[in-house]
1. Based on what the data block shows, is A:Phe344 part of a helix (DSSP H, G or I) and at the interface with another protein chain (Cβ under 8 Å from one of its Cβ atoms)?
2. Name the residue, out of B:Leu263, B:Leu276, B:Leu268, that is more than 8 Å from every other protein chain (Cβ to nearest Cβ) and modelled with pLDDT under 85.
3. List every residue pair whose Cβ atoms lie under 9 Å apart, where the two residues are 6 or more positions apart in sequence or sit on different chains, the first residue falls within region C:358-369 and is facing another protein chain (nearest Cβ under 7 Å) and closer than 11 Å to B:Ser165 by Cα, and the second residue, located anywhere, is polar (S, T, N, Q) and surrounded by fewer than 23 Cβ atoms within 10 Å (Cβ to Cβ).
4. Go through region A:205-256 and give me each residue that's buried (at least 22 other Cβ atoms within 10 Å of the Cβ) and on the phi > 0 side of the Ramachandran plot.
5. Condition (residue is in a loop (DSSP other than H, G, I, E, B) and either under 20 Å from the mean Cα position of the chain (by Cα) or within 11 Å of chain A (Cβ to nearest Cβ) (or both)) applied to region C:74-82: is it met by at least one residue?
6. Select from region A:1-33 the residues that are of a type outside the set (A, V, I, L, M, F, W, C) and touching a residue at least 12 places away in the same chain (Cβ under 8 Å) and list them in ascending order.
7. Hey, could you check region B:248-274 for residues that are surrounded by fewer than 17 Cβ atoms within 10 Å (Cβ to Cβ) and touching a residue at least 40 places away in the same chain (Cβ under 8 Å) and say which is nearest to B:Leu47 (Cα to Cα)?
8. Which count do you get for residues in region C:93-125 that are within 14 Å of chain A (Cβ to nearest Cβ) and outside any loop (DSSP other than H, G, I, E, B)?
Amino acid sequence: MKNKLLEHGYSVAAVGFVLFFFSWALRTPAYSVQYPSDPLLNKLTKIDSLHPEKPLHRALLKESLDSFYPDQSARNDSLIDALIQWRRDTYMAAIKSARMDREWSWNRFNDLAAMYSTFIVAFTIVTALIYFGSPALGLYQFIRYNRVCPPDARQWCEACRIVFKKIPGNRSHAFRRIASLKLKWFLKSIAYAVLFSPAYVVAYSFKTNFEKDSMVFLIALGFGTNGLLITSAYKCFSILTSESRKGYVETARAKGLSADYDHLPMRALLQPGKYFSNHVAGHIYKQAVFQYRPALKELASFVVTGLIIIEMALNIQGHLGYELLKSVLYRNWDVVMVIIFGIFLLIKLTEAAADVWHFHESNRYENV
Amino acid sequence: MYGIFTNRTAMKTFETALNLIQKQDRLWLLGWMAGMAIVWTWDYFFLNAPALRLIESAFLNTGLVSLLAVFFALLWSWPAAVTLHFIESKRPVYMSVIFFLNIVRSVPQILGVLIGYTVLTVLIERELLESSDAKLWAMALVISFVVFLELLDSLRERIRWFQRSDFYPAMLVSGVSESRIIQYDILWKNSRSHIINKLIAMFGTAVFLQCSIDFIISVGLSTEVSSQNFPATLGSLLAKMDSKKDILAIGNSLFNPEYIPRLFTTHLQGITVAFLIVFSLLSIYMINRVFALRKRL
Amino acid sequence: MTSYDIEIASSERHLVRIRDFHIRPNAVTFLLGESGIGKTLIAKALYGLLDRSGLTVSINDMEYSAYVASPEVNTLQRNGFFVFQEPSSHFHPLLTIGEQIREASLQETADEREIAEHLWNGASIESLLNIYPKPFRPSGGEKQRFLLVMAFKKIKTFLRHADAKDALFIFDEPTGSLDNFYRDRFLNFLFACYRQKSFTALIITHDYSMITEIHRRHSDLVPKIDFTEMSNENGQQILTSFAPKTYTHWLSGQKVLSKASNEAPELLRLASGINIFGRRLSFHRSPDDPDEVPLILRAGEWVYLKAPSGVGKTTIAKIIAGLMPAQSIDLQFERKPAPAISMRSEWKKIWGRTLTMVFQHADEALNQQANVADALKGLPPSLNQENVWQHIQTMYGADIEKKFLKQKIAHLSGGQKQRLNLLRALLLNAKIVLLDEPLNGLDFQSLSTVIERLRQKSEAGTGLVVISHNEEIFDALIPKENIYFLKSV
């Protein structure tokens, strides 16, 4: 255990070192203002109070130039355009350089720290929701898979046959049955579509602007889209399926535990302990959850991927993912490295926590 | 609509077909293809030709990059798994490789892809990467580096599983060479289904990651890392302004059902791209799942 | 008489098809025969425990779900029990042993003490009840006996309830992990219960030496015991009544092998006193003899290593084969010290040339996905195919067809697999062959073939080290001086 934690520590240190090295190696030279060579333009750039972007300033400047240099209206126009262009370029460069060269101030640090904490909160909530939700969903799929009672399709056929008087039965009941099945399939296909959609497809179906305070929306997207929930549920489902073929299930059945999934109440899925009295599902679930525990480690990195995709794709201002994207685009490498390090640290901490938790849980069964 | 069920045989057929869909991975593959074909046919009649051509090439590019990524991933992980097995006795080397791999494992996939794409952009800016084919290969390469660990882990897990059983020592003491045991007996003969299963899953991941990253860099503040530099894919197509409007129409029509018919005519481009992404991801997942159940993995 | 027609098919092929399987009510039926031809499948089907996914099952022309739901089967299940083979996989890893033997229909604890008394020969099991099952603790033999405890709890309940009429107790290889001592205690207790009130029992085994034990100590019950042998002919299972005399006559006809002369070259020497996992393993001439002796194998000789189950016979074989590390080990091959375990490249020169080993589970030792021909490829030195074919014929009979080479190993019967497992070792020109349970999974016919082939191999100068719980057969074959007892402290 100690070795595992040490390894996590070492890898954080190693990554920190590499990122620090890169941010040092990629730093950009200091910025200085380049003045135009045209003497008149050069003079104009020195007038601080002049803002030719403003229509009033532009009109005044044009008039003054026209009065100084009459008959050169075209040249005067292009001079003003050139001035505006220069001011814009210098402004952009200044912003960029301000971002790059600005010393690490408390303000800046606070900004990042605030984004980081928001990210941690979203990450924790989404991870917890998926981690505890997927066994329930996986178990639901597992129970359905093992049922031998007529699946929906057969019920549909039967209802249709009643409607068309091929077999006797209550027709209005059959109609209702068909309608409810249709509704069920419709809702199911929408749910499936959402579960498999990348977050941005779902998000842009509802709105185009994403504000800073869209935390709930972010969590909902992180939980329900990007295929995250469904793939972790599938992981649980396959563990359950392979466990259900193990010998101890056979022996449990020989002892008289039931293996009838048709009459297994689904409400047990909502209990935290998923207790199935006298049913092999309880045995299978217990072992499956134990085996699923280490999956928390990989889940952490998937959740981060999902959240970052959401924040980047939806351009959610003031969120870590968006800040990262912006910094990559502006080549603010030090910010990029800090954010990457923060994310790596978060994942490593989750992994370490998962290791400790799993170690303690397995120790219970070690006969010590 | 219920007419087809008045005939008993037709209904039986329908039942069998549904049964098959639940059981057969090949049927899902067929269903996927059929879905694509239907969408294409519809678009052929209702979508303007330039848009259709754009979607076609974006779809092919996405498919090609993801396939290549999966192929590369196999290309890395097989030799890596075998090599790792052979250097296991050389503790310092082995431990440092494992340490490095563990670090890579903890880097979220999207960050890996983002870093890779940043490198690609630099290469494109310096005009080291010009032809669109080369760009596609490079994109696949980046994605393969991000996903290959998953396959490597699964290959190593297979080797370890057989090592723990009598299989491996029994062959060893019969004088069979270790390389043959690992490569032929364990990986080729006994792990093919596992590998294929992993490859299918990775194909899904590759499609997802690629669409996401292309969407992100296209929709993001496109100043320097411009999407114009990369070949069109489903992700970048979806990020276009008009596609986004089309998607917004989906949400709109949920609350205004009378709007639905317009989805399939006016908003066809965005809807098609979104459908291609979502339906492909769903189909790949289903194929993977049914395959695993059929092979009892 | 209760007779069953059973058909089980997967989507690809027929797995089992038998007609008229007679299970005499209130009698004990021994189902003998090689492993892997569907004995377990039949038993599970009869008991209503078959996992139906992917299988088509019919019993007496009844659809399986109807059969399972029938009141007769429910009664059999309620009163009876099924002891599965491979005990280690039949315990839930996250429940204590105590919880598991007192679950569902086993809640009553009244009889536990008496049952444990019999199966553990008086030793206390209290300390084992609070532990979680782990691969080596409780040991395989202990796990096996805990499964038997569950069955006996049901038997005891059945005995107490006078109105309980029908019960089916199925034991699938119940003694696979037990040595002869505990095997006999199990049989004793089972028949003691049976004498109080008879029940239907089906015991699947390929331990033919049980026959001798039954005739020796339970001869009063012989009329109540049926021996049925199942064999496989062209994919069709055939059931025949097995005459116990077939076995007893064959056994008494076996001649003791002669001991090699002292001039015969020494192939293997392992000094007594090997430390492993904090235990010390030593070799002795007899179980009560405190004196330690080195294990010595000469060319053309058989050496038999005996010990109760769980002492570490397989461990010793793996140590000799260079597959397991041990402290303070003094091992020599042909009077030269064996390389240290870390010297992998040195061992690679030994494996398949100086020494080879046959592992006990053919299922694990062979590549199930390969075909027969593949399994014999890649061996040193590269073998002449014609030669290989001749060896196959001596092992599988002269009338074996060439297409056998193309058969997938997974589709072979257990006996065929085990013979292939042995054949792979016999094809090599190794001077030393370590045999771990060489008779596992064999039916009587192939058992005698295998013994014959091993005899020929040793006559050609190969030294054989045998580990087997089939004491009766090897005691009859191997001279007393070549039998070693393994003790662990």
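The values are calculated or read from the model by the stated rules, or taken from the named source; none is laboratory data. From a predicted model like this one, the values you see are computed outputs, not experimental measurements. With ideal geometry, Cβ positions are generated from the backbone for all residues, glycine too; neighbour counts draw on all protein chains shown. Protein only, heavy atoms only, side chains kept; ligands, DNA and RNA dropped before computing areas. Shrake-Rupley method; radii C 1.70, N 1.55, O 1.52, S 1.80 Å.
1. Values: part of a helix (DSSP H, G or I): yes; at the interface with another protein chain (Cβ under 8 Å from one of its Cβ atoms): yes.
Answer is yes for this residue.
2. On the way: B:Leu276 fails: modelled with pLDDT under 85; B:Leu268 fails: modelled with pLDDT under 85.
None of the others qualify; the one that does is B:Leu263.
3. From residues that are facing another protein chain (nearest Cβ under 7 Å) and closer than 11 Å to B:Ser165 by Cα, the pairs are C:Phe359/C:Thr314; C:His361/B:Ser165; C:Glu364/B:Ser165; C:Ala365/B:Ser165.
4. If the condition is that a residue be buried (at least 22 other Cβ atoms within 10 Å of the Cβ) and on the phi > 0 side of the Ramachandran plot, then A:Asn226, A:Gly227 are the ones that fit.
5. The initial filter retains those residues of region C:74-82 that are in a loop (DSSP other than H, G, I, E, B), namely C:80.
Now restrict to residues that are either under 20 Å from the mean Cα position of the chain (by Cα) or within 11 Å of chain A (Cβ to nearest Cβ) (or both): C:80.
The answer is yes, given that some residue of region C:74-82 is in a loop (DSSP other than H, G, I, E, B) and either under 20 Å from the mean Cα position of the chain (by Cα) or within 11 Å of chain A (Cβ to nearest Cβ) (or both).
6. In the first step, residues of region A:1-33 are kept if they are of a type outside the set (A, V, I, L, M, F, W, C); the result is A:2-4, A:7-11, A:16, A:23, A:27-29, A:31-32.
Selection gives A:Lys4, A:His8, A:Ser11, A:Gly16, A:Ser23, A:Arg27, A:Thr28, A:Tyr31.
7. Checked region B:248-274; the qualifying residue nearest to B:Leu47 (Cα to Cα) is B:Thr265.
8. The qualifying residues number 8.
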